[in-house]
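Visitor: Just passing along the structure, written as structure tokens.
The values are calculated or read from the model by the stated rules, or taken from the named source; none is laboratory data. Given the structure is predicted, the values throughout are model-derived calculations rather than measurements. Neighbour counts run over all protein chains shown; Cβ positions are idealised from the backbone, glycine included.
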Amino acid sequence: MGLPIGEIEELGLTLIPGGKRRFIAATGLLELDTYVALGRLGGVGFSATVIPTPVPLLGYEILESLRFRVNPVTQQLEEVPEDEPHPPYLLLIEVR
């Protein structure tokens, strides 16, 4: 997850001690501080590692674990129905 540093500071997110991580970007290798965020999406709690980014970014890992997806037509978040396998590439295997 990424947020502009001003929003990270405004939210009072906690810097992870020793939490610098390396990322490969279009401009090359970056070493960034990481922060921890606790939040709720659709009434479900989550924790996430946050890095400073120019624009807010929300990754599919968080969305998939909370059973949300982006509707490509409306560009809105929607909940995945309980009877639908999610993420879509997962196969349901019955264990006996």
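Visitor: Out of (1) part of a loop (DSSP other than H, G, I, E, B); (2) surrounded by fewer than 10 Cβ atoms within 10 Å (Cβ to Cβ), the odd one out for Gly6 is which?
Guide: Evaluating Gly6 over (1) part of a loop (DSSP other than H, G, I, E, B); (2) surrounded by fewer than 10 Cβ atoms within 10 Å (Cβ to Cβ) leaves (1) as the failure.
Visitor: Inside the range 11-67, can you point out the residues that are touching a strand residue (DSSP E or B) at 6+ places or on another chain (Cβ under 7 Å) and on the phi > 0 side of the Ramachandran plot?
Guide: Answer for the range 11-67, where residues must be touching a strand residue (DSSP E or B) at 6+ places or on another chain (Cβ under 7 Å) and on the phi > 0 side of the Ramachandran plot: Gly42, Arg67.
Visitor: Quick one: Leu13 ticks every box in (1) surrounded by 10 or more Cβ atoms within 10 Å (Cβ to Cβ); (2) over 17 Å from the mean Cα position of the chain (by Cα) bar one, so which box is it?
Guide: Among (1) surrounded by 10 or more Cβ atoms within 10 Å (Cβ to Cβ); (2) over 17 Å from the mean Cα position of the chain (by Cα), Leu13 violates only (2).
Visitor: How about the range 22-41: which of its residues are closer than 24 Å to Glu9 by Cα and outside any strand (DSSP E or B)?
Guide: Residues satisfying the conditions are Asp33, Thr34.
Visitor: Another one. Name the single residue that is nearest to the chain's Cα centre (by Cα) among those in the range 61-76 being of a type outside the set (D, E, K, R) and at pLDDT 85 or above. Walk me through it before giving the result.
Guide: Our first condition is that a residue be of a type outside the set (D, E, K, R); within the range 61-76, this holds for 62-63, 65-66, 68, 70-76.
Okay, now just the ones that are also at pLDDT 85 or above, so 68, 70-76.
Numbers: Phe68: 11, Val70: 13, Asn71: 16, Pro72: 18, Val73: 21, Thr74: 20, Gln75: 17, Gln76: 15 Å.
Out of the qualifying residues, it is Phe68.
Visitor: Can you name every residue in the range 50-78 that is part of a strand (DSSP E or B) and surrounded by 14 or more Cβ atoms within 10 Å (Cβ to Cβ)? Write out each step before concluding.
Guide: Just the residues of the range 50-78 that are part of a strand (DSSP E or B), to begin with: 50-52, 57, 68-71, 76-78.
Passing the criteria: Val50, Ile51, Pro52, Phe68, Arg69, Leu77.
Visitor: Please list, ordered by first then second residue, the pairs with beta carbon atoms under 9 Å, 6 or more apart or interchain, first in the range 77-89 and within 18 Å of Leu41 (Cβ to Cβ) and modelled with pLDDT of 85 or more, second assigned to a loop (DSSP other than H, G, I, E, B) and aliphatic (A, V, I, L, M).
Guide: Cβ pairs passing all conditions: Leu77/Leu58; Glu79/Leu66.
Visitor: Just one of (1) within 13 Å of the chain's Cα centre (by Cα); (2) modelled with pLDDT under 90 trips up Leu38, so point out which.
Guide: (2)
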